[in-house]
Amino acid sequence: MSLERFISQAISPWMKSGPDPDGDIVISTRIRLARNLEHYPFPIIASEESSQTLLHYVSRELAQRKYDSIGALELIKMDDLSPNEKRMLVEKHLISPYLADKSKHGAVLLNENESVSIMINEEDHIRLQCLFRGFQLSEGLVLSNGLDDWIEEKVTYAFDEYRGYLTSCPTNVGTGMRASVMMHLPALVMTKQLNRILPAINQLGLVVRGIYGEGSETLGNLFQISNQMTLGKSEEDMVEDLRGVVMQLIQQERAAREKLLRASRIQMEDKVYRSFGILANSRVMDSKEAAKRLSDVRLGIDMDLIQGVSGNILNELMILTQPGFLQQYAESTLAPNERDIRRAALIRERLMLENE
Amino acid sequence: MLCEECQKRQATLHFTKIINGQKNEMHLCEECAKDKGETFPNWNSYSIQDLLSGLLHFEQPKNGVRSSSKAPTPLVCNNCGLSYDRFTEIGKFGCSECYRTFSTKLDPIFRRVHGGNTRHAGKIPRREGGKIEVKRKIEELRTQLRRHVESEEFEEAARLRDEIRHLEFNMQDGEGE
Ligand SMILES: [Zn+2]
Ligand SMILES: [Zn+2]
């Protein structure tokens, strides 16, 4: 398979085009809603039979219909996929590791551009997720809300007027909503400001997580900011709290970038071009180094130090260089050291495409 | 101050984490912080399950107060069969009915997990929406009614009583459809 065709399959259409507000810092926005049906036991304790019934019921009610702009939904059952196919869906953030490996009769409904995913028989009966490019919390809230109403036309949700939407885990009860924004914050990390900002963010009831690779290290200066609590506030208020913090982080990251540029422009140029050179020439590269170098190059692009390379390259290669996709591209199972060789090759090829 | 991890280098990074109102502090040198995976990610993601399960056990009554001869009947959900004890072990509910079965024990748990909150303030499902609004209205009228009775304004109280009856009657009617 050609690399171009492989990429077109590997990268979700929603990531490649459309509005991209604050795209120099915010990679993507996600809204997730956890929902359950009344009376059915939750998936974690449900029998095979009950899970099967639920999947059949929910998918029959939803799969034949269309919701507005998102297009038709395709049902994909976990039992029909190979382990590597599941792994790739996880690497694209379209399903959770839990759905891939632990669910009974787990399935996902995906729309064509993969911006909407509705997981069935995850930890909750239904996990609805909407993905957007850049910083689009309001759009996310409107779409997830509409889809939620649309699903509710056909199934009766487990809801209690006092507790809200009833979920399997006590941490999700109430709105069942997790809103998150993925940010690229290299300058705040470089200037060691993020460590200082973090405690304040935690105090506002928000969580910051690094993005993990194969190990437990943070990769590529990517951070996910999301609401921690789901009970006691409206969805709109929760999203407003998150929006406020994200806007501040955007401002501070921009200020830190400008400061770096003013104070040490040539060192910055050296850093980003050095990483570019390493990506373009290496023969062995582990995921940790790849993420670090890609972050540098992306920063160089966003700061206008590197021209003629698309900013999408970080998001794309972060996904493409994960084990599932490397194996798919190699069309075989790879040991970790073989992956590092393949990873280096794939990155070189991808950068060559950019130069054509 | 010395680093908590290695006890060798000077602690230059100081973290405060508030989990459910409880303050935790950590003082690390940069190297150890780096070992911990750029510090914050691990810091935030250490198993929420562990946290929750610890918390749930904490909330279990330490039955020292009443030395009754009868062992208390274990709390078990009629719909899914999950016992309260099992719930505290796995940290997950078994079905929507569990919330009703364990309801008297849940407030302290939710308060800790959700920053002091126990009550939903967000979206209401469309189909159930109307019914719940009426219920909220009735609740409100009942409070008013009590106030009028206390201040011996019986005429107004009687009017409210009739309004409540009317709303309740309509609601039952609606359910029969
Ligand atoms: Zn240390
Ligand atoms: Zn139950």
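Summary table below
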item	result
Which listed residue is touching a Ser or Thr at 6+ places or on another chain (Cβ under 7 Å) and basic (Lys, Arg), from A:ARG30, A:ARG35, A:ARG60, A:ARG65	A:ARG30
So A:ILE27, is it in contact with a Cys (Cβ under 7 Å, 6 or more places away or on another chain) and either closer than 22 Å to A:GLY220 by Cα or open to solvent by 40 Å² or more (accessible area, probe 1.4 Å) (or both)	no
Residues satisfying the stated conditions in the range B:83-125, i.e. under 21 Å from A:SER51 (Cα atoms) and either away from ligand 2 (no atom under 13 Å from the Cβ) or not in a loop (DSSP other than H, G, I, E, B) (or both)	B:SER83, B:ARG86, B:PHE87, B:ILE90, B:GLY91, B:SER96, B:GLU97, B:CYS98, B:TYR99
Residue identified as within 29 Å of B:ARG111 (Cβ to Cβ), open to solvent by less than 20 Å² (accessible area, probe 1.4 Å) and touching an Asp or Glu at 6+ places or on another chain (Cβ under 8 Å) among A:SER180, A:SER226, A:SER168, A:SER144	A:SER168
Test: residue in the range A:64-87 that is over 22 Å from A:MET177 (Cα atoms), assigned by the TED database to the domain that holds A:GLY220 and open to solvent by less than 10 Å² (accessible area, probe 1.4 Å)	yes
Test: residue in the range A:313-333 that is open to solvent by 10 Å² or more (accessible area, probe 1.4 Å), small (Gly, Ala, Ser), part of a helix (DSSP H, G or I) and farther than 24 Å from A:PHE223 by Cβ	yes
Residue match in the range A:85-104 (condition: touching a residue at least 60 places away in the same chain (Cβ under 8 Å), among the β-branched types (Val, Ile, Thr) and under 27 Å from A:SER8 (Cβ atoms))	yes
Pick from the range B:160-177, criterion surrounded by 13 or more Cβ atoms within 10 Å (Cβ to Cβ) and more than 29 Å from the chain's Cα centre (by Cα), ranking: modelled with the lowest pLDDT	B:LEU167
Count of residues meeting criterion [facing another protein chain (nearest Cβ under 7 Å), of a type in the set (A, V, I, L, M, F, W, C) and open to solvent by less than 10 Å² (accessible area, probe 1.4 Å)] in the range B:90-147	5
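The values are calculated or read from the model by the stated rules, or taken from the named source; none is laboratory data. Here the structure is a predicted model, which is why all the values come from computation and not from measurement. We place every Cβ from the backbone using ideal geometry, glycine too, and count neighbours over all the protein chains shown. Accessible surface is based on the protein model in full, side chains and every heavy atom, while ligands, DNA and RNA are left aside. Shrake-Rupley method; radii C 1.70, N 1.55, O 1.52, S 1.80 Å.
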